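K.L.:
Sharing a structure here in structure tokens format.
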Amino acid sequence: MMHKQAHQLARRKQALLVKIQAQRQLFSLQKSELSGSLNLAAAGQRLGINLFGRAKQHPLLTATLAAGLVWLRPRRVLSIAKTALQAWMIWREINPSNSASSKDVASP
């Protein structure tokens with residue numbers, strides 16, 4: 001009887017070890033995919049910060065380009081503006097620094 005239980009435990013242990021190895025491989029694969037996505041997002045963020053900085057340095061050029069875009073493609077600009085507004089509103093809701101609890105705190 002003990003021999004049978006020991007044999008069952010050994011098989012269960014082996015099955016669990018195989019399952020653990022498969023989970024580790026899956027985790028490694030998912031981590032590498034996520035890492036690539038995060039690197040791309042970080043590069044996009046750096047590009048956006050760089051472009052925003054340049055736009056602040058050259059406001060006349062920025063205004064001219066914006067006016068030209070509105071003149072050439074007004075529908076496209078309105079679509080982009082609507083999407084940007086929605087993204088900004090979502091960001092305001094999920095950004096912890098803009099939460100209602102931080103606004104309600106009385107200053108000393």
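K.L.:
Could you list, ordered by first residue, the pairs with Cβ atoms under 7 Å in which the first is in segment 72-91 and outside the structural domain of Gly48 (by TED's automatic domain parsing) and the second is β-branched (Val, Ile, Thr), at least 6 apart or interchain?
P.N.:
Every condition considered, the pairs that remain are Val77/Val70.
K.L.:
Scan segment 18-30 and give yes if some residue there is over 29 Å from the mean Cα position of the chain (by Cα) and not in a loop (DSSP other than H, G, I, E, B), otherwise no.
P.N.:
yes
Listed here are the residues, each with its yes/no results for (1) of a type in the set (Val, Ile, Thr); (2) modelled with pLDDT under 90.
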site	(1), (2)
Phe27	no, no
Ala42	no, yes
Ile49	yes, yes
Phe52	no, yes
Ile94	yes, yes
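The values are calculated or read from the model by the stated rules, or taken from the named source; none is laboratory data. Given the structure is predicted, the values throughout are model-derived calculations rather than measurements. A quick note on method: Cβ atoms are made from the backbone with ideal geometry, for glycine too, and the neighbour counts reach across all protein chains shown.
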